[in-house]
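Working notes for the structure below.
The values are calculated or read from the model by the stated rules, or taken from the named source; none is laboratory data. These numbers were taken from a predicted model, which means no experiment stands behind them. Every residue, glycine as well, gets a Cβ built from its backbone with ideal geometry; the counts of neighbours run over all protein chains shown.
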């Protein structure tokens, strides 16, 4: 009996697709290719996930777990001889506990679905990112997603209280902890958060919720220098007394891109400032918080930290500001973009971008560069657009220009998108040989046959 027939016998005929049924399934966001695999299994419970993994390990078939396919580093790519395990049928929000302020969900629940569900309880799940409608919570945990509000609420790992994970041999590690404080031995869930499906398959999560904010103030400001951008971050964070929830920076070229046709957005401020910052504050007293927000901006203007400002006066204004920042799809107009996310100290950002601009000018003909990102937590996004017929041939030169300087600047090749296949060769820029050996030891201990998402993050075999 082949693997497709065996999997169908375990979880149902309609729950397993064979290779011929994958031709119309996209391989992921912003991609033109389609899925390929020996089979695609769609288990509907932790027990069915365990059955799939036991079967695949018994017959030595590698398994690649897929969620919403919104990743950008080829971390969920499967080969023709591998089995895809999709979480698309694990879509239950099992419970929302307003008193404990936590939610129990299956891994295939989308981020937006949880955000909307908890609103009915006057709560919020603070993780937020542009792909909220497609990205799944299991994938958010597996990649340790960051997004727009890390400066206040932290990364995904700061929002996970408990996990249920199926290991490579089909055994279930269930730690559905609901406590904020639980210091009883090793915190095993942290092994799987950010592991990109290489150590186990996340099937259920307990997530920490927060009280919904009563006030929501936003502004878009124009800034004349990067030193002023850095000083503005300290100024508003101190002035708002901990209510700063987002500090998003856009370099001039990116702002022009997303506020000019064919983009739908229009510029709330003139397009001639070198930098633009999107500020968001969330609090509990609408009238008082608004007044303080305006006072902080006025003092920043007096101190010369900002040159101009546009304040949001409605939720529609807030949505329009965020739409500018989130309209990353514009980098696809006119060529093929290579998109990167890096992390480095704020003090090093200006020199890094200047060096990158020079390196690309010297080695990558015909490119365009856009820079934006979650500057408040040290995360920059880069898009290097290339002529469509030259993207792959120029990719090595672009990657050298993007990643090599990060060692000098004490930065990271990945701020929030993970490693996958794309960044695996560059992982030593950010991790020491000792760290890489420890990672290999963990992989060997939890997945000795190497069946879970092989080749992602780490080179196959011992370090």
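Out of curiosity, is residue 410 outside the structural domain of residue 200 (by TED's automatic domain parsing), surrounded by fewer than 20 Cβ atoms within 10 Å (Cβ to Cβ), in a loop (DSSP other than H, G, I, E, B) and under 23 Å from the mean Cα position of the chain (by Cα)?
yes
Here's the yes/no breakdown for (1) in contact with a strand residue (DSSP E or B) (Cβ under 6 Å, 6 or more places away or on another chain); (2) not in a loop (DSSP other than H, G, I, E, B); (3) not assigned by TED's automatic domain parsing to the domain that holds residue 360:
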{"site": "405", "(1), (2), (3)": "no, yes, no"}
{"site": "441", "(1), (2), (3)": "no, yes, yes"}
{"site": "445", "(1), (2), (3)": "no, yes, yes"}
{"site": "455", "(1), (2), (3)": "no, no, yes"}
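Taking the residues in the range 235-260 that are in a helix (DSSP H, G or I) and over 25 Å from the mean Cα position of the chain (by Cα) as candidates, determine which candidate is nearest to residue 129 (Cα to Cα).
236
So, in the range 150-166, of the ones that are more than 12 Å from the chain's Cα centre (by Cα) and touching a residue at least 60 places away in the same chain (Cβ under 8 Å), which residue ends up farthest from residue 100 (Cα to Cα)?
Taking the candidates together, the pick is 166.
For the condition surrounded by fewer than 20 Cβ atoms within 10 Å (Cβ to Cβ), modelled with pLDDT of 95 or more and over 29 Å from residue 198 (Cα atoms), what is the one hit in 400, 368?
That would be 368, the only listed residue that is surrounded by fewer than 20 Cβ atoms within 10 Å (Cβ to Cβ), modelled with pLDDT of 95 or more and over 29 Å from residue 198 (Cα atoms).
Please pick out the residue among 203, 198 that is assigned to a loop (DSSP other than H, G, I, E, B), crowded, with 23+ Cβ neighbours inside 10 Å and under 22 Å from the mean Cα position of the chain (by Cα).
Sole residue among the options that is assigned to a loop (DSSP other than H, G, I, E, B), crowded, with 23+ Cβ neighbours inside 10 Å and under 22 Å from the mean Cα position of the chain (by Cα): 198.
Only one of these is under 24 Å from the mean Cα position of the chain (by Cα), in contact (Cβ under 8 Å) with a residue 12 or more places away in the chain and at negative phi: 82, 88, 48. Name it.
Just a single option satisfies the conditions, and that option is 88.
Condition first: touching a helix residue (DSSP H, G or I) at 6+ places or on another chain (Cβ under 6 Å) and surrounded by fewer than 19 Cβ atoms within 10 Å (Cβ to Cβ). Now tell me which residues in the range 261-297 satisfy that.
Listed by number, the residues that qualify are 263, 271, 274.
Condition first: within 25 Å of residue 57 (Cβ to Cβ) and touching a residue at least 60 places away in the same chain (Cβ under 8 Å). Now tell me which residues in the range 415-447 satisfy that.
418, 419, 420, 421, 442, 443, 446, 447
For the range 330-346, enumerate the residues that are in contact with a helix residue (DSSP H, G or I) (Cβ under 7 Å, 6 or more places away or on another chain) and farther than 18 Å from residue 254 by Cα.
Listed by number, the residues that qualify are 344, 346.
Which members of the range 164-190 meet the condition of being touching a helix residue (DSSP H, G or I) at 6+ places or on another chain (Cβ under 7 Å) and not in a loop (DSSP other than H, G, I, E, B)?
Once the filter is applied, which keeps residues that are touching a helix residue (DSSP H, G or I) at 6+ places or on another chain (Cβ under 7 Å) and not in a loop (DSSP other than H, G, I, E, B), the range 164-190 yields 164, 165, 166, 172, 175, 190.
Checking the condition modelled with pLDDT of 95 or more and closer than 25 Å to residue 377 by Cβ, which residue from 169, 217 passes?
Exactly one residue qualifies, and that residue is 217.
For the range 44-163, list the strands (runs of 3 or more DSSP E) that sit wholly inside it and hold at least 1 residues that are surrounded by fewer than 17 Cβ atoms within 10 Å (Cβ to Cβ); which are they?
The strands (runs of 3 or more DSSP E) meeting that bar are 93-97.
Give all pairs with beta carbons closer than 6 Å in which a residue from the range 23-43 that is on the phi < 0 side of the Ramachandran plot meets a residue that is in a strand (DSSP E or B) and surrounded by fewer than 21 Cβ atoms within 10 Å (Cβ to Cβ); count only pairs at least 6 apart in sequence or on separate chains.
Pairs that qualify, where the first residue is on the phi < 0 side of the Ramachandran plot and the partner is in a strand (DSSP E or B) and surrounded by fewer than 21 Cβ atoms within 10 Å (Cβ to Cβ), are 23/34; 25/34; 27/34; 39/18; 40/17.
With on the phi < 0 side of the Ramachandran plot, in a strand (DSSP E or B) and either under 29 Å from the mean Cα position of the chain (by Cα) or outside the structural domain of residue 166 (by TED's automatic domain parsing) (or both) as the only criterion, which of 7, 17 stands out?
Result: 17 is the single residue among 7, 17 that is on the phi < 0 side of the Ramachandran plot, in a strand (DSSP E or B) and either under 29 Å from the mean Cα position of the chain (by Cα) or outside the structural domain of residue 166 (by TED's automatic domain parsing) (or both).
Take residue 40 and tell me if it is closer than 19 Å to residue 449 by Cβ and either modelled with pLDDT of 95 or more or part of a loop (DSSP other than H, G, I, E, B) (or both).
no
Quick check: is even one residue across the range 417-439 assigned to a loop (DSSP other than H, G, I, E, B), in contact with a strand residue (DSSP E or B) (Cβ under 6 Å, 6 or more places away or on another chain) and surrounded by fewer than 20 Cβ atoms within 10 Å (Cβ to Cβ)?
yes
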